[in-house]
Amino acid sequence: MVRELHRELPLENINENTQVIQLKEAPIHTFSQIQPHGVLFVLQEPELKILQVSSNVYTQFGVTAETLLQGTLDDVIDSFQLEQIRLGLNAESLDYINPTKIWVRKKGDDYAVFDAIFHRNSEGFLVLELEPAISQENIAFLSFYHLARTSINQLESTTNLRDFCKIIVQEVRKITGFDRVMLYKFDHDGHGSVVAEEKLADLEPYLGLHYPESDIPKPARKLFASNWIRLIPNTHAEAVEIIPAENPLSNSPANLTNSILRSPSPCHIEYLHNMGVGASLTISLIKEGKLWGLIACHHQTPKYISYELRKACEFLGRVIFSEISAREETEDFDYRMQLNHIQSRLVEYMSQEENFIDGLVKNQPNLLDLANAQGAAVCFGGSYTLIGETPKEEDLNFLVQWLKNNVDEEVFYTNCLPSLYPDAEKYKNIASGLLAIPISKRNYVLWFRQEVIQTVNWGGDPNNAFEFTYDAKQDSSQSNLKNLRLRPRKSFELWKETVRLTSLPWQSVEIKAALELRKAIVNIVLRQADELAQLAHDLELSNAELKKFAYVASHDLQEPLNQVANYVQLLEMRYSQALDEDASEFINYAVEGVSLMQTLIDDVLAYSKVDMQAAEFQLIDANTPLERALTNLRQRIAETKATITHDELPTLMADSTQLMQLFLNLIGNAIKFRSHQPPKIHIAATRLEDEWLFSVTDNGIGIDPKFSDRIFVIFQRLHTRDEYQGTGMGLAICKKIIECHRGRIWVESQVGEGATFYFTLPVGGRDRERRNGRKAQNNLFGRGQ
């Protein structure tokens, strides 16, 4: 079984959702105990003074621990060997002297041969561990070479990854003679499974069984990543104490993270006993600095493997595992190249489209192909672009909000979204898996995968992997947590589980492809933002020049027009008797033309002033500008017998003069374009979510809907001047006033049925920030809404 391998550390956390409980067992790497088959010294350099020693030193050497303490290593090893050791300790790496064969004096004239292994712990103290040497000679290099060569020959004729794994366990079992050897691989979510097994025929198979993440908690994995070989030759052996328990210089237990003799935790030993294991050997497999898996060896009876042979197994495992890693990368290569091609095409499409989102969804390949997803959504600027099968927009709104509040990484992925975000269970069929990349704080690209129901074979019930009991010798009060002990379960029988609410996992190459796409999108958006900023700057300069020209031209044209009008009228007054009827008519035409020209100039001047006058808005009562407009129109209202009513209008941020001009133009048009009935005009205002909706309704002649946009264009008229006087500027000025307030204006009408002009004004007035380049860039990234 594999589970017993993984209790090297007692759990500090039951799981993420439970209270943290400090267990009675101390952290395993600072246990003041070792396994009894070897002897441990903690030494202070450079004198090699003995600070701590294991209590079994008397059994091994016939000398008490108290006798050796505060002495030096000279009291144990002869000077010749010690000189060689000192030279080795000065080398760049201690690997050059591990292991070293040494002869240790026992009581009397006897000597014993040991394998000496050195390491320096995190506190800077030298740790010497002695294990009984099976032979007096080190394993020759050629033995290692032939060991590896035989295995590599088998690998060269193998193309299947599963067969590679099978070769590892076969060769390790052949070298060590263990009853069972397994290859255990960690999955993406922390749990693991047995992917290869070689065993005695009568042993229960563990191949294909899965084990939960809690079997190897993160602290235990950290130890496996630091100490690549772990031997327990006798699970029934009594641990021996280190004397003294605390280092007299550091006043703390020795750090035994890299110790080969470190005693396993009681919980781990209990697991081994529950499984009927008498000895175990574990070899870590590391890929790219992370723990990829373990070679786990079990024996039903005690079994000692020399340090050199363990190192040979580690060497063999690393050689063969390097081939496995290369084969994994080769199998990923084709898929990675395919995704690189798709990514390149998407970047090309985005660069060619005005809207980068169109480049992601409108071509083949599209966004779905990049992550092998069934659905995808682009959330940008508060709107969604969907492709494939996705949750509803309402659900996406809540999901994006959850991501904003809970995820800070450049990429987020899960194949079990409902376990993290319970609301996702209602659309599990299309979104049990989620891969998300943020483009900015409020903009995301999301991929979805549907639920895939699976049957998983577990080595025992994963929901009851362990239990807590109280020490029988201590107070069993529920409030006394210090007496809690972690106990492994006793049953490891096959336990089948139907797993729901999960999708197929996201592969690392897909996650990397999503990250690369994120970089490309950000670069494109930044480039478009720069282009928009430059365009906005150019437009602002152009508009400023046009406004200046319109103002100056309109102002300078007034004087010559006044002169023309004055002299034409003077001509009529002085020479009216001398002129015939045609001449008088011509003079009238000239006077009317000048008057019309002056009106046009006044309107152009008013149009050019609209934006310049709107530098600062104030909080105003909209009823005030309305009343001012009605006062200016009182003569026309009286002449046409118009009836004008209005609701109580709101208080809002606006320019009072411009709002008065807006009402003046709209109500004036309603009076001008009246039907045969006296005009009836009503002004109303309704509060929407973040704006006010105003309406001006009349019973006039109405407007053909096909002209509903044209009437707001400068100098555009639907009637001749003989029918209705005017310049065609009034509604253009209204449109510009509303745009300056960041609102909208439109008309709804039918010929002969009157018209209703609608316009909106923001509740808080317009955003005072001008539409410069920074505004354009902020909008692109969702910060300038």
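Quick look at the numbers
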quantity	calculated
Å² per residue, accessible surface of region 233-295 at 1.4 Å	35
Solvent-accessible area per residue, Å², over region 353-395 with all protein chains present [probe radius 1.4 Å]	46
Label-point separation, GLU540 to GLU45 (7 Å along Cα→Cβ), nm	6.5
GluC sites (Glu not before Pro) within region 277-370, DSSP loop, no more than 16 other Cβ atoms inside 10 Å	GLU288, GLU353, GLU354
Computed FRET value (nearest 0.05) for VAL411 with LEU161, which takes r as the C-beta separation and R₀ as 30 Å	0.65
Calculated FRET efficiency for the pair SER708/THR657, C-beta based, R₀ 35 Å, to 0.05	0.80
Carbon/sulfur fraction of accessible area - region 385-438, other protein chains in place, 1.4 Å, %	43
Surface share of carbon and sulfur [accessible, 1.4 angstrom probe, percent] for region 147-301	50
Sequence ranges 83-93, 423-433, 371-381, ranked by mean other-Cβ count within 10 angstrom, highest first	371-381, 423-433, 83-93
Peptides ranked, highest mean first, by Cβ atoms within 10 Å: ranges 165-174, 60-69, 701-710	165-174, 60-69, 701-710
Summed side-chain charge close to PRO248 - residues other than PRO248 whose Cβ falls under 15 Å, Lys, Arg +1, Asp, Glu -1	-3
Entries of LYS362/LYS512; LYS426/LYS512; LYS218/LYS311; LYS174/LYS311; LYS185/LYS222; LYS392/LYS426 with Cα pairs more than 21 Å apart	LYS362/LYS512; LYS426/LYS512; LYS218/LYS311
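The values are calculated or read from the model by the stated rules, or taken from the named source; none is laboratory data. Please read these numbers as outputs of a predicted model, since none were measured by experiment. Every residue, glycine as well, gets a Cβ built from its backbone with ideal geometry; the counts of neighbours run over all protein chains shown. Only protein heavy atoms, including side chains, enter the accessible area calculation; ligands, DNA and RNA are left aside. Shrake-Rupley method; radii C 1.70, N 1.55, O 1.52, S 1.80 Å.
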